[in-house]
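What follows is a single structure, written as structure tokens, with notes after it.
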Amino acid sequence: MIVLGIETSCDETAVSICRDEVILSNVISSQISHAEYGGVVPEIASREHEKMLNNITIKALKYASIDLNQVQGIAVTNGPGLAGSLLTGVSFAKGLALGLGVKIISINHLEAHIIANLLEEPNIDFPFLCLLVSGGHTQLWLIRELDNYTLLGETRDDAAGEAFDKGARIIGLGYPGGPAIEKCARIGNDSLIEFPRPLINSEKIEFSFSGLKTSLLYFMDSFTESKKCSINDVAASYQKAIIDCLISKLHLSVKQTGINTITIAGGVAKNSVLRNQLIKVFPKKNIIFPDLNYCTDNAAMISYLGEKKFNLGCQTNLDFGIMPNFQL
Ligand code: KG4
Ligand code: ZN
């Protein structure tokens, strides 16, 4: 089956074609105009999606060598995300489905991030654990099978990606903060500054990053770069504190569930220090990393999950709406 997937939940306009569970194209336009504001401006995001959707769709079809009339189903993210951004993608998708006379399915963005792991390992062993770490979410999931998910725990306040983004802004690095901090941290000493690791000793699966961010803010108030301590050391130590918190709760959930397969998902899953640390801490576990292109927001995960759901007999009535606070 040929499915066209559309993703516009935040600041990436993305369209992908999936045929028989193989990604034929995955086109993404990342909106750079937010960088000067240090974060995503919702109004700008929806206007950019509106401007880009047509072209990105044409490109996705062209790269896949698929004619629009060959498309048999449309999958589109309807939440969670920014209301205006979601609305542009959903309206576009509905127009396409209606015009082509094909079925449509609404997709939960978080579920798509998790299921992106099956693009890497289609024969994954269920059940598996998934650490979902993005700009808006930090959650630990137990995935029993497709459509059977249990939330083991999540953040009380900021998400891990948010901690990277806000931390980068405090340090004076660019947006998005994750890649900027990772790059800067590469030549830094990650144990030079002892940032707090909130909740690390609690026996509950929960995260908290707002205090860590505040401690960075206070630290930077009196910081001047010297030979003893550079901005690279600050970035490395701050990154290490975030990653230690993530790994410790993954450790706890492995202990509590006894599950052998571990996956990660979302934009922060791109982080190479997190990936290397996981391999080090869980040498005997089966660890799956999604392809780097399928960690940050993309439409491949939407077209792929859409096709899987169509094949299970699911589809959505055309009157569905956006769900900015969609829970999985
Ligand atoms: O999944 P995603 O693209 O969007 C959401 O659904 O939120 O995640 C974006 C987040 C941003 O906070 C960004 O700073 C973070 O992922 N990120 C990273 C890296 N690349 C992106 N965080 C740490 N290290 C990276 N290499
Ligand atoms: Zn995302």
* To do: Tell me, please, whether a residue that is within 23 Å of Asp291 (Cα to Cα) and not acidic (Asp, Glu) can be found in the stretch 81-103.
  => yes
* Asked: Take the residues of the stretch 102-135 that are modelled with pLDDT of 95 or more and of a type in the set (Gly, Ala, Ser): which is farthest from Gly177 (Cα to Cα)?
  -> Ser106
* Asked: Which strands (runs of 3 or more DSSP E) does the stretch 120-201 wholly contain that include 2 or more residues that are in contact with a Pro (Cβ under 7 Å, 6 or more places away or on another chain) and closer than 30 Å to Phe310 by Cβ?
  -> 138-145
* Asked: Lys166 passes all but one of (1) away from ligand 2 (no atom under 16 Å from the Cβ); (2) under 14 Å from Gly266 (Cα atoms); which number fails?
  -> (2)
* Structure fact -> Given the conditions (1) within 12 Å of ligand 1 (Cβ to nearest atom); (2) hydrophobic (A, V, I, L, M, F, W, C); (3) under 26 Å from Gly5 (Cα atoms), every one holds for Ile288 apart from (1)
* Structure fact -> Gln277 meets each of (1) closer than 30 Å to Ile32 by Cα; (2) within 16 Å of ligand 1 (Cβ to nearest atom) with one exception, condition (1)
* Residue list for the stretch 182-207, filter: in contact (Cβ under 8 Å) with a residue 24 or more places away in the chain and either of a type in the set (Lys, Arg) or out of contact with any helix residue (DSSP H, G or I) (no Cβ under 8 Å at 6 or more places or on another chain) (or both) -> Arg186, Arg197, Lys204
* Structure fact -> Note on the stretch 13-37: residues within 16 Å of ligand 2 (Cβ to nearest atom) and either among the polar types (S, T, N, Q) or modelled with pLDDT under 95 (or both) are Thr13, Ser16, Asn26, Ser29, Ser30, Gln31, His34
* Asked: Can you name the number of the only condition in (1) more than 19 Å from Asn317 (Cβ to Cβ); (2) among the hydrophobic types (A, V, I, L, M, F, W, C); (3) over 19 Å from the mean Cα position of the chain (by Cα) that Ala35 fails?
  -> (3)
* Exclusive hit being within 16 Å of ligand 2 (Cβ to nearest atom), within 26 Å of Asp11 (Cβ to Cβ), buried (at least 16 other Cβ atoms within 10 Å of the Cβ) and modelled with pLDDT of 95 or more, set Lys213, Lys270 -> Lys270
* Select from the stretch 109-125 the residues that are out of contact with any Phe, Trp or Tyr (no Cβ under 9 Å at 6 or more places or on another chain) and touching a residue at least 60 places away in the same chain (Cβ under 8 Å) and write down the one among them that is farthest from ligand 2 (Cβ to nearest atom). => Asp125
* When you go through Thr263, Thr257 one by one, which is the residue that is within 18 Å of the chain's Cα centre (by Cα) and either more than 11 Å from ligand 1 (Cβ to nearest atom) or modelled with pLDDT of 95 or more (or both)? -> Thr263
* **Checking Thr150 against (1) hydroxyl-bearing (Ser, Thr, Tyr); (2) within 15 Å of ligand 1 (Cβ to nearest atom); (3) surrounded by fewer than 20 Cβ atoms within 10 Å (Cβ to Cβ), the condition it does not meet** => (2)
* How about the stretch 264-288: which of its residues are of a type in the set (S, T, N, Q), touching a residue at least 24 places away in the same chain (Cβ under 8 Å) and over 20 Å from Ile143 (Cα atoms)? -> Asn271, Ser272, Gln277
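The values are calculated or read from the model by the stated rules, or taken from the named source; none is laboratory data. Predicted model only: the values in this text are computed from it and were never measured. Note that we place each Cβ from the backbone using ideal geometry, even for glycine, and neighbour counts take in every protein chain shown.
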